[in-house]
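Single-structure report; data block below.
The values are calculated or read from the model by the stated rules, or taken from the named source; none is laboratory data. From a predicted model like this one, the values you see are computed outputs, not experimental measurements. Don't worry about glycine lacking a Cβ; one is built from the backbone with ideal geometry, like all the others, and counts go over all protein chains shown.
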Amino acid sequence: RPRVLSGIQPTAGSFHLGNYLGAVRQWVALQESHDAFYMVVDLHAITVAQDPAQLRANTRLAVAQLLAAGLDPERCTLFVQSHVPEHAQLGWVMNCLAGFGEASRMTQFKDKSARHGADRTTVGLFTYPMLMVADILLYQADEVPVGEDQRQHLELTRNLAERFNGTYGDTFTIPDPYILKETAKIYDLQDPSAKMSKSTANPKGLINLLDEPKATAKKVKSAVTDTDTVIRFDRAEKPGVSNLLTIHSTLTGASVPELEQKYEGKGYGALKTDLAEIMVDFVTPFRTRTQEYLDDTETLDSILAKGAEKARAVAAETLALTYDRMGLLPAK
Ligand code: TYM
């Protein structure tokens with residue numbers, strides 16, 4: 001079985017629809033066909049200031065949401081990044097392999113540091129991509145299911161893996177991004193030219209999966225479309241409508257052409273009303289299941305303990321090989 005690895009930050013509290021459609025949904029599917037490793041990346045989260053109690057709670061909340069979304073600890077390895085110390089260890093190696101200029105070109109860093117201002121930008125935020133490289137290479141992942149915004153980090157991963165292999169001999173699998181065209185980028189409902197994101201300007205454009213279902217329905221119904229009335233998929237001319245069609249199609253399994261036909265001659269109101277109902281039907285059981293997993297801390301923590309153990313076995317082997325290849329003297 002080919003191997004996949006991916007991660008999600010716990011910082012947000014509730015996952016948003018972009019996280020789910022762009023990434024987590026693929027994670028659930030891939031656990032059936034792949035040897036899958038999925039983690040909550042708490043070490044990445046601390047690159048910006050976190051409240052300790054909140055971080056702890058959000059880490060469990062992220063795990064509960066992943067289980068509610070359909071990850072099955074019998075079918076995949078689910079763990080918390082900081083439980084596997086090899087991530088930080090290989091992260092250091094990757095820091096020593098990456099060029100300063102190369103790291104400076106990471107657009108996510110440039111965006112985030114511009115937002116935070118120089119004094120509140122940590123060195124950790126700068127080295128964030130190299131930790132992500134380590135996350136992936138530790139597991140010799142063949143594929144990495146993510147949204148479009150992570151593509152550049154995947155390019156860096158491939159470059160550093162090739163550089164290491166070229167210098168020290170074949171050590172790391174070169175991973176491919178696994179990015180589904182349709183859902184690679186889910187857009188903000190109020191500003192369909194921007195990706196849906198927690199740091200979005202307008203909270204009405206962001207669908208949090210754990211929000212009150214009624215609030216979610218309202219956001220869908222007030223989504224920005226255009227002054228036309230035709231329901232047609234056209235990313236350039238009709239970004240708002242296209243985004244709604246993508247969401248509808250992914251959640252129901254109906255193809256976009258089928259939907260275009262279904263809504264022919266009907267207005268945007270019909271599409272939005274239907275989609276609001278589809279969203280409510282999706283988030284309502286998701287919330288209930290998340291709460292159930294959250295209420296049973298003991299089970300949740302034991303899932304994580306088993307996951308960390310399985311992950312460590314793989315990670316330790318890769319780290320030992322890496323150290324050896326580089327000439328770090330083994331401890332006796
Ligand atoms: P994070 O936590 O920001 O997001 C989790 C996943 O959600 C995807 N995503 C989206 N997809 C489509 N449309 C959107 N609007 C949207 N917003 C977010 C992201 O692409 C991501 O796949 N650096 C990573 C976490 C990470 C990681 C890794 C991922 C750390 N180590 C190793 C893969 C492999 C991040 O911050 O994702």
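Structural remarks
- Listed conditions (1) more than 12 Å from the ligand (Cβ to nearest atom); (2) farther than 27 Å from Leu319 by Cβ are all met by Val93, apart from (2).
- Restricting the search to helices (runs of 4 or more DSSP H) fully inside segment 22-73 and requiring at least 2 residues that are of a type in the set (Gly, Ala, Ser) gives 52-69.
- Beta carbons closer than 9 Å, at least 6 apart along the sequence or on distinct chains, pair a first residue in segment 250-269 that is closer than 19 Å to Ala23 by Cα with a second that is crowded, with 16+ Cβ neighbours inside 10 Å and among the basic types (Lys, Arg) for Thr250/Arg25.
- Of all residues in segment 183-203 being loosely packed, with under 15 Cβ neighbours inside 10 Å and assigned to a loop (DSSP other than H, G, I, E, B), the one that is modelled with the lowest pLDDT: Ala201
- Odd one out for Tyr178 among (1) out of contact with any Lys or Arg (no Cβ under 8 Å at 6 or more places or on another chain); (2) crowded, with 21+ Cβ neighbours inside 10 Å: (2)
- Flag for Gly70 being away from the ligand (no atom under 14 Å from the Cβ), on the phi > 0 side of the Ramachandran plot and not aliphatic (A, V, I, L, M): yes
- Residue check for Glu143: in contact with a strand residue (DSSP E or B) (Cβ under 6 Å, 6 or more places away or on another chain) and within 11 Å of the ligand (Cβ to nearest atom): yes
- For segment 79-87, the count of residues that are buried (at least 23 other Cβ atoms within 10 Å of the Cβ), touching a His at 6+ places or on another chain (Cβ under 7 Å) and not in a loop (DSSP other than H, G, I, E, B) is at least one.
- Which listed residue is assigned to a helix (DSSP H, G or I) and within 14 Å of the chain's Cα centre (by Cα), from Gly13, Gly7, Gly18: Gly18
- Taking first residues from segment 143-168 that are farther than 14 Å from Ile179 by Cβ and part of a helix (DSSP H, G or I) and partners that are more than 10 Å from the ligand (Cβ to nearest atom) and not hydrophobic (A, V, I, L, M, F, W, C), the Cβ contacts under 7 Å between residues at least 6 apart in sequence or on separate chains come to Phe164/Thr171; Asn165/Thr171; Tyr168/Arg325.
- Selected residue (criterion: farthest from Leu67 (Cα to Cα)) from residues of segment 4-45 that are away from the ligand (no atom under 12 Å from the Cβ) and of a type in the set (D, E, K, R): Asp35
- Segment 263-272: number of residues that are surrounded by 15 or more Cβ atoms within 10 Å (Cβ to Cβ) and in a helix (DSSP H, G or I): 3
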